[in-house]
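Take a look at the structure below.
The values are calculated or read from the model by the stated rules, or taken from the named source; none is laboratory data. Bear in mind that the values here come from a model prediction, so they are computed numbers and not experimental data. Cβ sites come from the backbone with ideal geometry, for glycine too, and all protein chains shown count toward neighbours. Keep in mind that these areas ignore ligands, DNA and RNA; they rest on the heavy atoms of the full protein, side chains included. Shrake-Rupley method; radii C 1.70, N 1.55, O 1.52, S 1.80 Å.
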Amino acid sequence: MYMDKISAINWPAITEELHEKGYAIVPDLLSDENCKQIIDNYSNPNAYRKTVLMERYRFGSGEYKYFDYPLPDLIQAIRSTVYPHLAPIANSWMKALNINTQFPDSFQELQTLCHNHNQTKPTVLILKYGKGGHNTMHQDLYGEIFFPMQLVLFLNEPDIDFTGGEFVLMEQIPRAQSKAIVLKPKKGDMLIFTTNFRPVKGSKGYYRVNMKHGVSQLHSGERHTLGIIFHDALT
């Protein structure tokens with residue numbers, strides 16, 4: 001079902017948005033039932049390999065859990081089916097920036113590449129924030145091998161289940177002030193965005209723009225998101 005739904009996405013339009021802005025929103029990828037199932041599974045200790053209290057590491061305020069392998073079928077299907085649509089974009093970014101990196105066509109090949117570099121731990125995670133919760137600006141890099149795009153799927157409805165808690169991208173432009181991009185995707189939406197850097201065309205060719213992401217402070221309610229990172233982690 002989800003393979004068909006992902007194949008039906010207007011990928012040329014998504015590609016254009018990613019080249020132009022470094023992010024794109026796919027609306028209504030998950031059903032309400034899917035969102036509820038993922039949230040309900042949050043309390044299942046057998047599904048996760050690690051829990052992180054964000055205050056402990058000064059990452060923000062909230063909690064997240066890394067899934068263990070094998071991943072739930074839905075999450076595995078999204079991870080493996082979306083990746084082939086993004087790999088050509090990632091390779092064009094590397095070429096534009098004269099970086100000698102070529103990402104494989106399939107997710108399975110990327111995973112093999114990670115495992116050959118001792119990156120064997122799953123990086124897919126679910127994040128939970130309550131009132132006052134937030135996530136400081138960061139990049140999700142877990143080892144030498146990292147894919148330059150990742151996904152967030154939004155499991156609660158803004159302004160109904162929670163207020164505040166906007167998704168924030170910070171674009172760090174060379175020799176200029178940083179630019180904040182504030183997004184408010186709806187429940188079930190999938191956000192594709194830059195993990196660490198992307199090319200931007202200037203008067204003398206392409207230059208590298210670094211990007212970080214985070215979450216603004218929640219004013220009320222509870223907010224859950226599912227983060228799908230394509231590369232695996234060392235630890």
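If you work out Cα extents along the principal axes in Å from the coordinates, which of (i) 49, 39, 37; (ii) 50, 45, 36; (iii) 77, 50, 22 do you get?
(i)
When the dipole is taken about the Cα centre of the chain, and only Lys, Arg (+1) and Asp, Glu (-1) are charged at their Cβ, what size is it in debye, to the nearest 20? Don't jump to the answer; show the numbers that get you there.
Details: 24 positive and 24 negative charges, 189 e Å.
Computed charge dipole of the chain: roughly 900 debye.
Before anything else, pin down the relative contact order of the stretch 171-235: Cα pairs under 8 Å, at least 6 apart, normalised by residue count, whole percent.
Details: 43 pairs, mean separation 17.9, N = 65.
For the stretch 171-235, the relative contact order is 28 percent.
Compute the accessible area per residue over the chain, keeping the other protein chains in place, probe 1.4 Å, unit Å².
Details: 11470 Å² over 235 residues.
That works out to 49 Å² for each residue.
Round to a whole number: what % of the accessible area of the stretch 1-85 belongs to carbon and sulfur, probe 1.4 Å? Could the numbers behind the result be given before it?
On the way: 2470 of 4810 Å².
Exposed carbon and sulfur together represent 51 percent of the surface.
When only C-alpha pairs under 8 Å and at least 6 residues apart count, what is the relative contact order of the chain, in percent? Present the calculation step by step, with values, prior to reporting the outcome.
Working: 487 pairs, mean separation 66.5, N = 235.
Once divided by the residue count of the chain, the mean separation gives 28 percent.
Give me the percent of accessible area attributable to carbon and sulfur for the stretch 167-235, probe 1.4 angstrom.
On the way: 1510 of 3100 Å².
Of the solvent-accessible surface of the stretch 167-235, carbon and sulfur hold 49 percent.
Are there any trypsin sites (Lys or Arg not before Pro) in the stretch 45-88 that are in a DSSP loop and have at most 12 other Cβ atoms within 10 Å? List them by number.
Working: sites: ARG49, LYS50, ARG56, ARG58, LYS65, ARG79; in loops: ARG58.
Within the stretch 45-88, the qualifying trypsin sites (Lys or Arg not before Pro) (loop, at most 12 other Cβ atoms within 10 Å) are ARG58.
Mind checking which lysines have their C-alpha under 19 Å from LYS212, skipping anything on the same chain fewer than 8 residues away?
Those lysines meeting the cut-off are LYS21, LYS179, LYS184.
What is the extension gain from ASN118 to TYR57, computed as 0.36 nm multiplied by their sequence separation minus the C-alpha to C-alpha distance, in nm to one decimal?
Gain in length upon complete extension: 19.5 nm.
Enumerate the helices in the chain for which the Kyte-Doolittle hydropathy averages -1.0 or more and the C-alpha atoms extend at least 24 Å along the helix's axis, using complete DSSP H runs. Show your work: numbers first, answer last.
Values: long enough: 73-96 (35 Å, 0.19).
Helices meeting the span and hydropathy rule in the chain are 73-96.
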